[in-house]
1. Return an integer: the convex hull volume of the alpha-carbon atoms of the stretch 193-299, in Å³ per residue.
2. Any chance you could run the full-extension gain for Ala390 through Tyr104? It's 0.36 nm times the residue separation minus the Cα-Cα distance, nm to one decimal.
3. What does the extension gain come out to for Ser239 and Val362, with contour length at 0.36 nm per residue minus their alpha carbon separation?
4. Could you list, in their original order, any pairs among Lys138/Lys286; Lys77/Lys120; Lys363/Lys395 whose Cα atoms are separated by more than 24 Å?
5. What is the Cα coordinate range of the stretch 8-121 on the first, second and third principal axes, sorted by size from largest, in whole angstrom?
6. Give me the aspartates and glutamates in straight-line cross-link reach of Lys406: C-alpha distance below 19 Å, same-chain residues under 8 apart excluded.
7. Can you give the extra length, in nm with one decimal, that the chain gains between Lys249 and Arg312 once fully stretched, where that is 0.36 nm per residue apart less the Cα-Cα distance?
8. Got a sec? Charge dipole of the chain, +1 on Cβ for Lys and Arg, -1 for Asp and Glu; which of Ala231, Gly152, Phe210 is way out at the positive end?
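Throughout, read-outs are computed from the coordinates displayed, never taken from laboratory work. Since the structure is predicted, the reported quantities are computational estimates derived from the model, not experimental observations. As a convention, Cβ positions derive from the backbone with ideal geometry for all residues, glycine included, and neighbour counts pool all protein chains shown.
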Amino acid sequence: MRYSQLFPKTKKEAPKGAESVNHKLLVRGGFIDQLMAGSWTLLPLGWRVVNNINQIIREEMNAVGGQEMLMPLLHPKEIWNETGRWDKADEIMYKLKDARDREYVLSFTHEEIVMDLLRKNIVSFKDLPVAVYHFSTKFRNEPRARSGILRGREFMMKDLYSAHTSEKDLMEYYEKVKGAYVKVFERLGFDYRVTEAGGGVFTDKNTHEFQVLSAGGEDTIFYCDSCDWGANQEIFKGSQGDKCSECGKGQVVKTKAIEVGNVFPLGTWYAEKMGMYFTDSQGQKKPVWFGSYGIGPTRVMGALVEVNHDERGIIWPEVVAPFAVHLVSLPGAEKQTKEAYGQLKEVGVEVLWDDREVSAGVKFADADLIGIPVRLVASAKSKDKLEWKARSSDKTELVSLDEAVKRLK
């Protein structure tokens, strides 16, 4: 991709009122644009990052038997009335009427929709278990949409749902999905903790959140410095410095964090409310055991920026970067740059080529702001070599084109 053709370009100043790091850098770098409070456009660079995040999530969901699909975003009132959540979740729902006075809600989650699918298609225990997921938009009437893309009123979510014949089978799968989430967040390079939390409008049971440690986080969590125990502020009754009640060895640490994922063991409540019964091996009618599991890819993008940046801009991990290499062309190296661009593209390396007629300083500043992992500079000074610089380092070295291709390939 030639940077001269990329829409849009970087901005020198952060938007007015921007407080969080991700808000400032993602807007300045040309990754996102704000339509209104809590509503963001994913621009081409941002969409590339989110697609890379989604692919990591997709691979781990498929590995635990999830089947990808896509569900509607506009839901009829009737289906939400079956569980009573039309009224129970009223504060966060966007409701509307059509010209015929029929009432709808924009999706803030999909438990009822999946349960409707299950009751249309599940007959006996032989049809279970089932695990389905999708990537889709969610709408939640957040009273304070802030912190950039971390807290929106309209945002992307990956939600997985599973149905089982027994509580034992549900909880075994619940642990399997928790393990898949661990793999996702480890692949993304996060320093995170798994914390116990309440169920909100989803369940009266305790649930689990995946929290990325970050000074810019909105959540407050407590965790043990010696074992895996953790809890969020809503349910933890102790204080920092207490001895861990789980292992009895470590101390409780208090910190700020960003929630990037959650898992809910929902039990049989939804099935009982919506009449989702299957016939077991003894011919008895039983309600399915249900679970839901969410990750917010756009929140993940924001969290990655919060924990991967410096005073110059973003530092993307290789696994999610919009391009693998930022190729900078300086005067007198046009032929060399074209050759490098062609060879890298030929072997499948994603390249952003800054071919603009602007100063070297401007190009270098934009490269730092955008945060692609590797910068390659072609100049008359370097002759038949390229200057290689990792975004996470201040060191530079001269390499041949063949060596650069070999490393990036």
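1. Given the Cα convex hull of the stretch 193-299, per-residue volume reads 137 Å³.
2. Gain on stretching Ala390 to Tyr104: 97.9 nm.
3. Stretched fully, the Ser239-Val362 segment lengthens by 39.4 nm.
4. Long pairs (Cα-Cα over 24 Å): Lys138/Lys286.
5. 52, 40, 24
6. Here the aspartates and glutamates satisfying the reach criterion relative to Lys406 are Glu318, Glu339, Glu346, Glu350, Asp384, Glu387, Glu397.
7. 18.6 nm
8. Gly152
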